[in-house]
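Have a look at the structure below, then the notes.
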Amino acid sequence: MADPEAAQNRINELRELISRHSYLYYTLDSPEISDAEYDALIRELERLEEQYPRLVTPDSPTQRVGATPLTAFGVVEHPVPLLSLADVINYEELQAWYGRINRLIGEQKMDFACEHKIDGLAISLTYIDRQFTTGATRGDGFHGENITLNLRTIRSIPLSVPKDAPPRFEVRGEVYLPVAGFNKLNREREADGLSVFANPRNAAAGSVRQLDPRITAKRPLDIYVYALGWAEGKAMPETHWETMEYLKSLGFKINPRNRLVHNLQEAEEYYQEWVTQREELPYEADGVVFKVNSLALQHQLGDVGREPRWAIAYKFPPVEGTTLLKEIGISVGRTGTLNPVAILEPVYIGGVTIRTAALHNEDDIRRKNIHEGDTVFIRRAGQVIPEVVGPAQHTGDNKEFSLLEKVFDKEKDRPACPVCGGEVIRPEGEVMYYCTNAACPAQLQERLEHFASRGAMDIRGIGESMAETLIKEDIIKDGDVYRPAKDVSDIYTIDREKLSQLEGKGEKSTDKLITAIIDSKNRPLTRVIYALGIRHVGEETAALLVQKYHSLDELVGASVNDLMTIPSIGPKIAESIVAFFRQEENQAIIRKLKESGINPVAEVQANTLPLTGIEFVITGTLQSFSREEAQEKIKALGGTAKDNLTKKTTYLVVGAEPGSKVAKAQALGIKQLNEEEFLKILEQI
């Protein structure tokens, strides 16, 4: 075909045909042509585009597969936060949720959209001028990873949309791996001598986060769109259900099992229907989601924390089985927790072979009366995470489990972390034991990510991927040798030349990271303290510490009693701080940070803020502003806003429909303020 105009016409015709048949096959599951006929259309289009490369466009079906490998994931900001869901596990809790939202908006009739809570990976898809431009993971809800090239390989995601779509909009959906595809993938991996995926969700998440989109393209991933995130330039429907129907008309795949119901009882019936049929589903689902259908009511209800008030996840009951508890092992979590792990005789439950299961903590093991050698009940909570429920038969030696005995180091003559040998503590009032060593290899990646995070040292360029690279690659200069990072202070000895030699690290990205590391040396003391990752010391507590301790040296030498003189710091926080700085490895980290030029001194303010040293707790609903706004006003004036009452609470602010805090405040002798009295305090300042 020598005529470019004729080639353009045929290319346009082929793209329309392929897009139509892709939609019929991947979205509607109603193919009209055979796989061979579909492949022939693809091959013809590929030949024409190869002959006329100037006619290739980003939305061509041929551009789904074979893109050059990603060198790194960029960060995408979600203009509208991609929130997670609160959940309930029974009808009573569902009724309580319904009661709460009714009290907020007044008694009125509500319809609900019912959807399956598919166990996959939440993603966002942004379209500009009818073209799919950006795909991202949920991330922290506000920022996600840019996985656009990988998502382009999923054939049920349209690369372009009809002309009547909004000029700019974003949809949210769940990328998942069908159960049949998951089982096939694991069989292939076993045949190739590779480790198998634990569950479909892990497989889906791992598939869309491949650095090479060609690997993603080989996985049988699918998607259901479940929400419109935002839209510009066109009026949208007034209900969630109508919005989903509209997105369906644009070519997006909507779960046909969704249902619109008109009251809570019908919602419960939908849930019970799928409790009995969930094993027949072609995907893993761990519950159903109910959403208030009216978008106006959704807006009125708003969000609380990182969860919308207008939606709830109703979890399915877990699946159970029995097996032999061979041994109770100990693993160290990414935050330093020492976690008992059940080593099991392999058992097949809910479509998965389970070899290990969660035991939560020592108290939980004793409460359940579990011993090594017992036959135990195993529950696959949410169809995914296995846990030991209790003994089915006592066949063990009945010796009471002791975590400290399990990790006791005879040479050190004390309990020690099984990974690094660091000091093990159990803070007062807590159920978990912790390794206090900030250089513990099991915790290192988590600590590196936290140290470099925005609220801490704010080192742009060190996220999950780079933290993993720091641990694995020899880019830390230590005298005349190079090695991987061992603790957070090693960030400041990254060798620029070694870094630039890593795959995907060019001169520009290397220079940006090195500049960010150098700039971070000027962070204030508050952020340095927070960056250290001391348990129970968040940004707010770090700010309180700086009011009393104006350097790292002063804080390192603080005693428990000294720390407890600070408002809002009780024995749990004080003991955690002292235990952290008592660890020799942590003291070494402080020394190395100082040697790198990080040793900030806090500015001593001559005039303290008016509410400094005063702690407030709010209960009930305020008329003048929301609870969050009130807490921000308190903090801006130097005060402390807490959620729970303690002996250190100065005032309990009581709004409409207060809770049980009123009685507790009376018992503790805490002064109570009504809203008018609270406002007078703010106005007088």
**Message:** If you fit an axis through the alpha-carbon atoms of helix 539-548 and take the longest principal axis of the Cα set of the chain, what angle between them do you get, 0 to 90°, nearest 10?
**Reply:** 30
**Request:** Using the 2.2 N^0.38 Å rule of thumb for compact globular proteins, work out how the stretch 410-461 stacks up: its C-alpha Rg over that value, please.
**Result:** 1.42
**Fill in**
Of every Cα-Cα pair in the stretch 373-467, the percentage lying beyond 22 Å is 58
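Counting other beta carbons within 10 Å of each Cβ, put Cys420, Cys440, Cys435 in order, fewest first.
Cys420, Cys440, Cys435
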**Item:** Rounded to whole Hz, the Karplus (6.51, -1.76, 1.60) HN-Hα couplings of the stretch 312-317, x for glycine and proline
**Value:** 8, 9, 9, 6, 6, x
**Item:** In Å, descending, principal axis extents of the Cα set of the chain
**Value:** 85, 71, 65
**Message:** Run the numbers for Thr356 and Met236: contour at 0.36 nm per residue of separation, minus the present Cα-Cα distance, in nm.
**Reply:** 38.4 nm
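Loop-only check: which GluC sites (Glu not before Pro) in the stretch 477-536 are DSSP coil with at most 16 other Cβ within 10 angstrom?
Glu503
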**Asked** Roughly what angle does helix 584-595 make with the longest principal axis of the chain, taking Cα atoms, 0 to 90 degrees, to the nearest 10?
**Response** 80
**Request:** Mark the label point 7 Å from the Cα of Leu609 along Cα→Cβ and return the residues of the stretch 534-573 whose backbone N is within less than 12 Å of it.
**Result:** 540-541, 543-544, 547
**Asked** In the stretch 290-343, how does Rg compare with the Kirkwood Rh, expressed as the Rg/Rh ratio over alpha carbon atoms?
**Response** 1.29
**Prompt:** Could you give the length gained on full extension between Leu682 and Val341, defined as 0.36 nm per residue of separation minus the Cα-Cα distance, in nm?
**Reply:** 117.6 nm
**Fill in**
Computed D for the stretch 436-604, Stokes-Einstein, Kirkwood radius over alpha-carbon pairs, 20 °C, 1.002 mPa s, to the nearest µm² per second, is 130
**Asked** Can you tell me the Rg and the Dmax, both Å, for the Cα atoms in the stretch 320-406?
**Response** 12.1, 36
**Complete:** Taking r as the C-beta separation of Lys592 and Ile128 and R0 as 45 Å, the FRET efficiency to the nearest 0.05 is 0.45
**Fill in**
For the stretch 646-685, inverting the pair-averaged 1/r of distinct alpha-carbon atoms gives a Kirkwood value in Å of 10.7
**Request:** Report, by chain and number, residues whose modeled amide H sits under 5 Å from the one on Ala285, excluding near sequence neighbours (fewer than 5 apart, same chain).
**Result:** Asp119
**Message:** If you consider only alpha-carbon coordinates, what radius of gyration and Dmax does the stretch 615-684 have, in Å?
**Reply:** 11.0, 29
**Average Cα contact separation per residue, the stretch 87-315, under 8 Å, 6 or more apart, as relative contact order %** = 31
**Fill in**
Given 661-673, 282-294, the highest-first ranking by average Cβ count within 10 Å works out to 282-294, 661-673
**Asked** What does the highest-first list of 114-125, 559-570 look like by mean Cβ count within 10 Å?
**Response** 114-125, 559-570
**Request:** Could you work out how far helix 4-22 tilts from the main Cα principal axis of the chain, as a 0 to 90 degree angle to the nearest 10?
**Result:** 60
**Prompt:** Under 5 Å between amide H atoms, partner at least 5 residues away or on a different chain: which partners does Thr323 have, H built in plane at 1.01 Å?
**Reply:** Val376, Ile378
**Asked** Sorted from fewest to most neighbouring beta carbons within 10 Å, what does the list Leu470, Leu250 look like?
**Response** Leu250, Leu470
**Item:** Vicinal HN-Hα couplings computed from phi for the stretch 92-103 (Karplus, 6.51 cos²θ - 1.76 cosθ + 1.60; Hz; Gly/Pro x)
**Value:** 5, 5, 5, 4, 5, 4, 4, x, 5, 6, 5, 5
**Item:** Cut-off under 5 Å, modelled amide H: who pairs with Leu673 long-range
**Value:** Leu652, Val653, Val654
**Item:** Helix-only mean residue ellipticity at 222 nm for the chain, each DSSP H run of n ≥ 4 adding -39500 (n - 2.57), per residue, nearest 500
**Value:** -10000 deg cm²/dmol
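Can you pull a Stokes-Einstein diffusion coefficient for the stretch 419-508 at 37 °C (0.692 mPa s), Rh from Kirkwood over Cα pairs, as a whole number of µm²/s?
Translational D for this selection: 228 µm²/s.
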**Prompt:** Efficiency by 1/(1 + (r/R0)^6): what FRET value for Arg496 and Asp519, r their Cβ-Cβ distance, R0 = 22 Å, to the nearest 0.05?
**Reply:** 0.90
**Asked** Please state the relative contact order of the chain as a whole percent: Cα pairs under 8 Å, 6+ residues apart?
**Response** 9
**Prompt:** Quick one: if the Förster radius is 25 Å, what FRET efficiency do Val275 and Arg100 give, using the C-beta to C-beta distance and rounding to 0.05?
**Reply:** 0.60
**Asked** If you plug each phi of the stretch 557-567 into the Karplus form 6.51 cos²θ - 1.76 cosθ + 1.60 with θ = phi - 60°, what whole-Hz ³J(HN,Hα) values come out, in order, with x for Gly and Pro?
**Response** x, 6, 9, 4, 5, 4, 4, 6, 7, 7, x
**Asked** For the stretch 299-340, list residues with backbone N below 11 Å from a point placed 7 Å from the Cα of Glu628 toward its Cβ?
**Response** 302-309
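Just so you know, all these numbers are worked out from the coordinates, no wet-lab data involved. All values reported here derive from a predicted model rather than from experimental measurement. No Cβ is skipped: glycine too gets one built from the backbone with ideal geometry, and neighbour counts run over all protein chains shown.
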